[in-house]
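Some notes on the structure that comes next.
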Amino acid sequence: MISAPWAEFLLTTLILAVGVGDDLRSRKIHNKLILFLLPVALIGTILLKGFSGILTSGLSALLACIMGVPLYLTKIVGGGDLKLLVVFAFTASWMDAGLSLLYALPWALLLGVFKIVLDKKFRDFIANLIFLTKFQKPELSTLHTIPFSLALLFGWLTCVSLKRGGLLEMLY
């Protein structure tokens, strides 16, 4: 068993970073990648927390799934994002996984607005807001999507940074 906070941070961050890379490259997180990352997370958990850590890691993944399914059902996140969230949560504590997901939501909003500004689609954005205020569905062609995996990575880094001691203390 390896007892180093930086090792857990590194494993968790690498899992998210690999998912972000796939998402940015192809605009989806492939199942093959999830099937590769799941045993990496399992082996990493055993090495870092021992076999007793599997139960708490499983509960963390279950919590992430419970929190993520409503986001998936409302099409806020895609299926690959949900699967990456569960694998990520397997390597993080239940508190860190939950907070990372909550911190990811404002990051997703910021990234979405940033993308709208870059794409010069502000008029479509306002039209979609008007549709939503009238409880109508906006047209699919005018919806704006961002890779939620990136927001999740930023949420994780925010969570770690805001912890007592923060990222720098963990690494040193």
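Inspect all residues belonging to the stretch 15-26 and state whether any of them is in contact (Cβ under 8 Å) with a residue 24 or more places away in the chain and more than 14 Å from the chain's Cα centre (by Cα).
No - not one qualifying residue is present in the stretch 15-26.
Just one of the numbered conditions (1) closer than 26 Å to residue 146 by Cβ; (2) in contact with a helix residue (DSSP H, G or I) (Cβ under 8 Å, 6 or more places away or on another chain) is not true of residue 66; which one?
Condition not satisfied by residue 66: (2).
Could we say that residue 53 is more than 14 Å from the chain's Cα centre (by Cα), of a type outside the set (Ser, Thr, Tyr) and surrounded by 15 or more Cβ atoms within 10 Å (Cβ to Cβ) here? Don't jump to the end; show me each part of the working.
Numbers: more than 14 Å from the chain's Cα centre (by Cα): yes; of a type outside the set (Ser, Thr, Tyr): yes; surrounded by 15 or more Cβ atoms within 10 Å (Cβ to Cβ): yes.
So residue 53 fits the description; yes.
Return the residues of the stretch 72-94 that are at pLDDT 90 or above and over 14 Å from the mean Cα position of the chain (by Cα); say none if nothing qualifies.
If the condition is that a residue be at pLDDT 90 or above and over 14 Å from the mean Cα position of the chain (by Cα), then 73 is the only one that fits.
Kindly indicate which of 97, 92, 108 is farther than 14 Å from residue 149 by Cα and either surrounded by fewer than 16 Cβ atoms within 10 Å (Cβ to Cβ) or not hydroxyl-bearing (Ser, Thr, Tyr) (or both). I'd like the intermediate steps shown before the answer.
Details: 97 fails: farther than 14 Å from residue 149 by Cα; 108 fails: farther than 14 Å from residue 149 by Cα.
Selected residue: 92, the only one of 97, 92, 108 that is farther than 14 Å from residue 149 by Cα and either surrounded by fewer than 16 Cβ atoms within 10 Å (Cβ to Cβ) or not hydroxyl-bearing (Ser, Thr, Tyr) (or both).
Which condition number in (1) at pLDDT below 90; (2) of a type in the set (Val, Ile, Thr); (3) part of a helix (DSSP H, G or I) is the one that residue 69 fails?
The single condition residue 69 does not satisfy is (1).
The values are calculated or read from the model by the stated rules, or taken from the named source; none is laboratory data. Just so it is clear, the structure is predicted and the values come from calculations on it, not from any experiment. Don't worry about glycine lacking a Cβ; one is built from the backbone with ideal geometry, like all the others, and counts go over all protein chains shown.
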